[in-house]
Amino acid sequence: MAEFVESFLSQLAQTVLVVLIAPLMLGWVNQCRAWLQNRSGPGLLQPYRVLHKLFHKDALLAHNASVIFRAAPYIQFGCMVLAASIVPVLGTNLAFSPAADVIALVGVFALARVFSSLAAMDVGTAFGSLGARREMLVASLSEPALLMVFFTPLLIVQSSSLSSIVDALAHRDFAIYPSLAFAAVAFIMVLLAENARIPVDNPATHLELTMIHEALILEYSARHLALIEWATAVKLTVYCAIGIALFAPWGMVEGTNWLMFPAAAGALVIKLALAGTGLAVLETVSAKMRIFRAPEFLGMAFLFAVLGMLIRQLLGA
Amino acid sequence: MLPAAVPPLELIVGVVSYWMVIGLAGLLRPLSLYFVSRVLFPLGILGGMVLILAALQGVASQPADLVLPLGLPDLPFHIRLDPLAAVFVGLLGIAAVGISFFSAGYFRRVQGSPPGLLCLQYHLFLAAMTVVLLADDAYLFMVAWETMAITSYFLVTSNHKVPEIRSAGFLYLLIAHVGAIAILLCFGVLQGGQGNYTFAAMRQIELSAFWGSAAFALALFGFGAKAGLLPLHVWLPEAHPAAPSPISALMSGVMLKTAIYGILRVTFDLLQVQLWWWGVLALVLGLLTALFGVMFAAVQTDMKRLLAYSSIENIGVIVAGIGLTIIFHVYQQPHLAALSLVATLYHCLNHACFKSLLFMVTGSVLHSTHQRSLGKLGGLIRNMPWVAMTALIGSLAIAGLPPLNGFVSEWLLLQAFLFSPGIANPYLNMLVPVAAAALVLAAALSAYVMVKFYGVIFLGQYREPSLAEARDEGPWARAGLVWLSAWCVLLGILPVAVIRLLDNVTQPLVDFAIGSNLERTGWLLIAPISPERSSYGPLLFLLGITGTVLLTYFLVRRFYHGRERRVAAWDCGFPAQNARMQDTAEGFGQPIKQIFEPFFRIRRQMPGPFDARPTYSATTEDRLWYWLYLPVARLNERLAAWIGILQHGRIYLYLLYSFVTLLGLLMFML
Amino acid sequence: MTLSTQLINLMAALLLLIAFAMLAQRRILSLIHLFAWQGAVLTANSVIVAYSTGQTHLYYSALLTLALKVIVMPLILHRLIIRLNIKWDVETLINIPTTMLVGIALVVISFNVALPISQLAGTITRSTLGIAVAIVLLSFLMMITRRKAVPQVIGFLAMENGLFFAATSTTYGMPMVVELGIALDVLVGMLILGIFFFQVRQAFDSLDLKHMERLKEE
């Protein structure tokens, strides 16, 4: 019983941490992008200010917005918080982790995405349904690639539970695994596609015909929009955390050694900062692709992931 | 209580006779709609409930058999209830209860067949399907199979005044009989020259590899024709839209599963030895069917055709699961074989629930709006809240989203795929995980299709002004919809109980029961191999999501309670916005059509520069119709024309035929 | 696994990646750069094998590879395409995603074919034989699915790279005489093909090989 309480507390601490620092992660990425583009950015805490402003506004709903439109932001946020509680960020002793493995994690993201697409179709504007079908298209093509990416660590560790994967990979001697390298490249490509970053989608665009993810939230305002923006930031952070857990898992706490948590938190901050910088660099050097080049992009990611798996099976590396 | 005291097999036989009696009672007052829908259909519901109880008992008990004093003098009917049959009988019961509830409220006008006749055909259909599941000899099986085909033909052509419906029914009957011939030949091979057509005798016979493969191929062809496997699927998208919605629900939900039952029975029970390439064939065929079905579903504009193609996709997934089971069984991995068999059976149960639910939803929509095309619907969530909510549950379930039931079977199947590199064959070792990617692609595209289905019908604005008068369904239909939605939710959050029941099936067929693993983790989590390797806890999941949603809602309301105002839609400031500007069904399917263009046969008619009234039309058709069916039909016609030379109406030539035959017989006899 | 084995596995993985990248390229200039990279990785591989197994003749082999495949041949090809003015056009017979899927199938086949053979070899690099066979098959696929002449030549050269890698991985390289002979043959062959392309260009005004079909007897 005491074990369960400990793991529950460690779980709660990690989830709350991820949810709270997610806007900071977004702010860091935007700030890096601004520096790379030779301008001074809006500051690291800008997303918090935006959220604060949005929460205080009145919500404007279209006349024919139904209950799905109003419930979707809460469901999206709930799903992202659930995802944050499954992925090990500080330690692997999570009370909730047996409830979902990597496939269920993909399912959680799919649930959030389906609800946001349905909400976009709810008001019945042209741009909403345009965004919905593009989002579902990119999602359908990136899910096989994501599964293949998860498959390489799964082969190495013979487990699909993220905590077990982290435990096993963190304890291996440092060696060059080309299969994991290929899987990492594929994962980065899928991350860009799923989180609506350049080169698949421009998160800062205001041209409706080029939008994928932005088009889904055109009709939202006030607290609903705040929840959706927060959920997007949490999704990005969770994806980075998954990448860190699979490909750079050192520094995490085994069990509930409370003394090690600050060190693990420090390692996490450094890793996320590096990931954010990398993301900003990638976004700055690439241009957004046409929507129908996205299948080729995701096909390339699928290919990398399959190559990684085949190399693992042949070379054992 | 009576059902507990009576053995399950006798109980099921009782239900079958009860249904036949109700069906015949429909003939007493054939034209009275009230009698049929308020008395007879509700009575039929009781039969379904008893069937569920009997199935639960039958799954947990030993196989029981019985010889009925019916049939021909030397060929009496043998019936048998073993756990495999009991699972499918339970499936039939669940679907029958929901659909009978719905039908009681659905048939409001007399269109085509008189209601009494409809009642007869419906209940005979249900009875015939039950007998197919119970049959223990080839004779009874074929009798019940044919009865099933014929009653469903009459049900499909209920509205026989419309010519398209008649031709759809004809195509259905034709392919059903082609399949039936293959099944008959399969039984002929299985009896191995002994002349005894009971299944008990067939189980004892050892066939050589050639004849065993012949039997498997014939079974796959014959049962695949009924299930809608590629390339014998063409009747599904025609027959399901032509039939009345409750009948489509019954056909899609239950009849296709009797074909799956047939494949399972022949492959694992009647054939003693399986070969690895059968598994590869079934896997490849299943995956191709799944991808084909979902791609075509994405480009449809008729809501019932969309669901029919989606059924093809799910049957493909089920057959792929069967293929995987065969591969694991042949390579002596009983744990994984049991896992994939459980996943397959679970998916059968799930599909029966959510596909019947969705077809019933289309029936309600058709009733209130009289529109079948997706381009004329929209915004119905405001007028039909009950239908919309149950349709949401059904759509989320079929898209394979947690915590509903579609995700559980998909998760189990993916576990089986992903833990496959342990097989001795290196080619399969590397190709099976890539096949898993194809399965995930099909599953992700089915989410796309369901967003299209739900979004275009229920969300957005009314595409036709008459939709504002649509009204919700009555209490009987609502009961049916709620019954099946409840089963979707239950099967999603209590998988451990279901898997324990399904273990009784896998133990005799593949010699393993994964339920023994489940003892360690309790009823909350499924950990089919071991908790360290993978686990999923749907109830925790559901509680987690609802908990977080409620917590967020209350926190936001407590700290940031801003007001709400209703305004016109923003639409990026475009001034003139009407309902025609939202996506049509073709529009929503356009990305799939563009990316997967080589798989469709698209005929476009482009407007010319000098047209007085320019038109554009694009029809998407099935390539297999032109590659396979039309050439076969033309060959048939040519052969028939060639033989037809013999028939020319001149009497003296006919007399000459008899004369020549007589002469020939005399010469060769003496 | 020792460090040298890990590095060799890494080189093998990179070679496979380059072979796929060549299959997916749309521009001839990038093809030449990828070919140069392939040569560089092969050189590195030879050096590592030489260092870890003490076979000094592999150092000379690496030097030859560096000189020929990283410097001389890409230079010749570069000048060729500038004079022919065809930096960009690469047309394929079947579209690129399908080519990739066929490529994956070829990789699976070559891995499975090489498994029993590699168990017989006695070198530390024997598990990379499957990748070598895969590179040969992928380059062959590249030759088949291209319509213009220069990518076919590069495919031919890449095939030779694959064979070289196979030799390094199973028998620690070929005898020096054989290697020098092959290198000279390939060099001379490329020069002749260069002259040949000019003739083709003069006759048909284009390097598209489908014009050659007109040469059959009608």
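One residue is enough: does segment B:216-223 have a residue meeting the conditions closer than 13 Å to residue B:273 by Cα and part of a helix (DSSP H, G or I)? Checking segment B:216-223: at least one residue is closer than 13 Å to residue B:273 by Cα and part of a helix (DSSP H, G or I). Considering every residue within segment B:495-503, establish whether at least one is touching a residue at least 40 places away in the same chain (Cβ under 8 Å) and either of a type in the set (Gly, Ala, Ser) or within 11 Å of chain A (Cβ to nearest Cβ) (or both). No, that holds for no residue.
Within the bounds of segment B:471-488, is there any residue that is open to solvent by less than 30 Å² (accessible area, probe 1.4 Å), facing chain A (nearest Cβ under 10 Å) and more than 22 Å from the chain's Cα centre (by Cα)? There is no residue in segment B:471-488 that is open to solvent by less than 30 Å² (accessible area, probe 1.4 Å), facing chain A (nearest Cβ under 10 Å) and more than 22 Å from the chain's Cα centre (by Cα).
Taking segment A:135-159 as the range and being farther than 20 Å from residue B:431 by Cβ and facing chain B (nearest Cβ under 7 Å) as the test, the residues that pass are A:136, A:137, A:139, A:140, A:159. Each residue in segment B:282-308 was checked for being within 19 Å of residue B:371 (Cα to Cα), open to solvent by 10 Å² or more (accessible area, probe 1.4 Å) and part of a helix (DSSP H, G or I), and 1 of them qualify.
Taken over segment B:451-470, the criterion of being facing another protein chain (nearest Cβ under 9 Å) and either among the β-branched types (Val, Ile, Thr) or open to solvent by less than 10 Å² (accessible area, probe 1.4 Å) (or both) is satisfied by B:451, B:452, B:454, B:455, B:456, B:458, B:459, B:460. Residues that are closer than 18 Å to residue B:226 by Cβ and aromatic (Phe, Trp, Tyr) do occur in segment B:77-89. Is it the case that segment A:75-83 has a residue that's closer than 21 Å to residue B:560 by Cβ and surrounded by fewer than 20 Cβ atoms within 10 Å (Cβ to Cβ)? No, the conditions are met nowhere in segment A:75-83. Would you mention how many residues in segment C:135-152 are farther than 19 Å from residue C:94 by Cα and open to solvent by 10 Å² or more (accessible area, probe 1.4 Å)? Adding up the residues that qualify gives 1.
Tally time: how many residues in segment C:153-163 are open to solvent by less than 10 Å² (accessible area, probe 1.4 Å) and either in a loop (DSSP other than H, G, I, E, B) or in contact with a Leu (Cβ under 7 Å, 6 or more places away or on another chain) (or both)?
Our first condition is that a residue be open to solvent by less than 10 Å² (accessible area, probe 1.4 Å); within segment C:153-163, this holds for C:154-155, C:157-158, C:161-162.
Retained after the next criterion (residues that are either in a loop (DSSP other than H, G, I, E, B) or in contact with a Leu (Cβ under 7 Å, 6 or more places away or on another chain) (or both)): C:154, C:161.
Here the count works out to 2.
Under the condition of being modelled with pLDDT of 90 or more and surrounded by fewer than 19 Cβ atoms within 10 Å (Cβ to Cβ), the residues counted in segment C:22-33 number 1.
Taking segment B:524-621 as the region of interest, the strands (runs of 3 or more DSSP E) fully inside it that hold 2 or more residues being facing chain A (nearest Cβ under 7 Å) are B:564-567. Considered as a group, the residues in segment B:425-445 that are facing chain A (nearest Cβ under 9 Å) and touching a residue at least 40 places away in the same chain (Cβ under 8 Å) include one that is nearest to residue B:340 (Cα to Cα), and that residue is B:439.
Considering segment C:9-126, the qualifying helices (runs of 4 or more DSSP H), each wholly inside and each with 3 or more residues that are closer than 30 Å to residue C:203 by Cα, run over C:28-53, C:73-84.
Scan segment B:249-257 and tell me whether some residue there is at pLDDT below 95 and assigned to a loop (DSSP other than H, G, I, E, B). No, the conditions are met nowhere in segment B:249-257. Suppose we filter B:401, B:445, B:467 for residues that are under 23 Å from residue B:588 (Cβ atoms), in contact with a helix residue (DSSP H, G or I) (Cβ under 7 Å, 6 or more places away or on another chain) and not in a helix (DSSP H, G or I); which single one remains? Going through B:401, B:445, B:467 in turn, just one is under 23 Å from residue B:588 (Cβ atoms), in contact with a helix residue (DSSP H, G or I) (Cβ under 7 Å, 6 or more places away or on another chain) and not in a helix (DSSP H, G or I): B:401. Here residue A:97 meets the list (1) among the polar types (S, T, N, Q); (2) surrounded by fewer than 24 Cβ atoms within 10 Å (Cβ to Cβ); (3) within 25 Å of residue A:229 (Cα to Cα) almost entirely, failing just condition (3).
Would you check if there is a residue in segment A:124-141 being assigned to a loop (DSSP other than H, G, I, E, B) and either in contact (Cβ under 8 Å) with a residue 60 or more places away in the chain or in contact with a strand residue (DSSP E or B) (Cβ under 9 Å, 6 or more places away or on another chain) (or both)?
Initially, segment A:124-141 is screened for residues assigned to a loop (DSSP other than H, G, I, E, B), giving A:124-125.
Okay, now just the ones that are also either in contact (Cβ under 8 Å) with a residue 60 or more places away in the chain or in contact with a strand residue (DSSP E or B) (Cβ under 9 Å, 6 or more places away or on another chain) (or both), so A:124-125.
Yes, segment A:124-141 contains a residue that is assigned to a loop (DSSP other than H, G, I, E, B) and either in contact (Cβ under 8 Å) with a residue 60 or more places away in the chain or in contact with a strand residue (DSSP E or B) (Cβ under 9 Å, 6 or more places away or on another chain) (or both).
May I ask you to verify whether residue A:246 is in contact with a helix residue (DSSP H, G or I) (Cβ under 6 Å, 6 or more places away or on another chain), at the interface with chain C (Cβ under 10 Å from one of its Cβ atoms) and at pLDDT below 90? When the stated conditions are applied, residue A:246 does not pass them. Here the condition is being assigned to a loop (DSSP other than H, G, I, E, B), within 30 Å of residue B:477 (Cβ to Cβ) and at the interface with chain A (Cβ under 10 Å from one of its Cβ atoms); of B:422, B:379, it holds for B:379 alone.
Answer yes or no: is there a residue in segment A:19-38 that is at pLDDT below 90, touching a helix residue (DSSP H, G or I) at 6+ places or on another chain (Cβ under 7 Å) and within 14 Å of another protein chain (Cβ to nearest Cβ). The answer is no; no qualifying residue exists. Within segment B:189-213, being assigned to a helix (DSSP H, G or I), closer than 20 Å to residue B:80 by Cα and open to solvent by less than 30 Å² (accessible area, probe 1.4 Å) holds for B:190, B:199, B:201, B:202. Quick one: in segment C:36-65, which of the residues that are over 21 Å from residue C:157 (Cα atoms) and of a type outside the set (Val, Ile, Thr) is surrounded by the most Cβ atoms within 10 Å (Cβ to Cβ)? That would be C:50.
Within segment A:1-18, if we keep just the residues that are aliphatic (A, V, I, L, M) and out of contact with any helix residue (DSSP H, G or I) (no Cβ under 8 Å at 6 or more places or on another chain), the residue that is most open to solvent (accessible area, probe 1.4 Å) turns out to be A:1. Screening the candidates B:464, B:410 for the property of being acidic (Asp, Glu), modelled with pLDDT of 90 or more and over 16 Å from residue B:389 (Cβ atoms) yields one hit, B:410.
For residue A:65, the requirement of being surrounded by 15 or more Cβ atoms within 10 Å (Cβ to Cβ) and either assigned to a loop (DSSP other than H, G, I, E, B) or modelled with pLDDT of 90 or more (or both) is met. Scanning segment A:89-134 for residues that are among the small types (Gly, Ala, Ser) and more than 7 Å from chain B (Cβ to nearest Cβ) yields A:91, A:95, A:97, A:112, A:116, A:119, A:120, A:128, A:131. The single condition among (1) within 10 Å of chain A (Cβ to nearest Cβ); (2) closer than 21 Å to residue B:488 by Cα; (3) in a helix (DSSP H, G or I); (4) open to solvent by less than 10 Å² (accessible area, probe 1.4 Å) that residue B:396 does not satisfy is (4).
Look at (1) in contact with a Pro (Cβ under 6 Å, 6 or more places away or on another chain); (2) more than 30 Å from residue B:422 (Cα to Cα) and you find that residue A:285 fails only one, number (1).
The values are calculated or read from the model by the stated rules, or taken from the named source; none is laboratory data. Please read all numbers here as calculations on a predicted model, not as lab measurements. Virtual Cβ from ideal backbone geometry, glycine too; neighbours counted across all protein chains shown. Keep in mind that these areas ignore ligands, DNA and RNA; they rest on the heavy atoms of the full protein, side chains included. Shrake-Rupley method; radii C 1.70, N 1.55, O 1.52, S 1.80 Å.
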